[in-house]
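A.B. asks: Let me begin by handing over the structure; questions about it come next.
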Amino acid sequence: MQYLLAEDEKSAGNYPPVIEKQRRPGPKLPVYSIPASQWSTVLHRVVEKKEPLLTVAAVYGVSHETIRRIMLHVQKQREQQEA
């Protein structure tokens with residue numbers, strides 16, 4: 001048994017390490033954010049036109065979480081200005 005284990009260890013050094021690919025690779029050119037100059041348009045579409053976050057996000061090529069974060073950021077800015 002020890003002989004077989006020793007042979008396994010010797011042969012294991014002859015092969016290159018296994019490189020696993022990502023299970024869910026992202027897009028080739030990811031878009032990380034929407035320029036601040038377009039935030040007012042995003043707000044208008046979501047708040048006044050009542051468009052879903054997913055729809056607006058698809059138009060800009062970002063996730064719905066990005067749109068949600070923009071909404072929260074603008075809301076916090078407005079609260080600070082009122083105070």
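A.B. asks: Label points 7 Å out from Cα along the Cβ direction at Val47 and His64: separation in nm?
C.D. replies: 2.1
A.B. asks: Excluding Ile70 itself, calculate the net charge of residues whose Cβ lies under 12 Å from the Cβ of Ile70, where each Lys or Arg counts +1 and each Asp or Glu counts -1.
C.D. replies: After counting each charged neighbour, the total is +3.
A.B. asks: Show me the ranking of peptides 60-69, 41-50 by mean Cβ neighbours inside 10 Å, starting with the highest.
C.D. replies: By packing density, highest mean first, the sequence is 60-69, 41-50.
A.B. asks: Something else about it: In terms of the ratio Rg/(2.2 N^0.38 Å) built on C-alpha atoms, what value belongs to the stretch 33-83?
C.D. replies: Scaled against compact globular proteins, the figure is 1.11.
A.B. asks: Could you give the nm distance between label points at Ser40 and Lys76, where each point is 7 Å from its Cα heading toward the beta carbon?
C.D. replies: The modelled label-to-label distance comes out at 2.3 nm.
A.B. asks: For the stretch 53-67, in order, what is each residue's ³J(HN,Hα) by Karplus, 6.51 cos²θ - 1.76 cosθ + 1.60 with θ = phi - 60°, in whole Hz (x at glycine and Pro)?
C.D. replies: 4, 5, 5, 5, 4, 5, 5, 8, x, 10, 7, 5, 5, 5, 5
Each reported figure results from applying straightforward, stated rules to the coordinates on display, with no laboratory input. It should be emphasised that the depicted structure is a prediction, and the values quoted were computed from it without experimental measurement. Quick reminder, even Gly has a Cβ in these numbers, built from the backbone with ideal geometry, and neighbours come from all protein chains shown.
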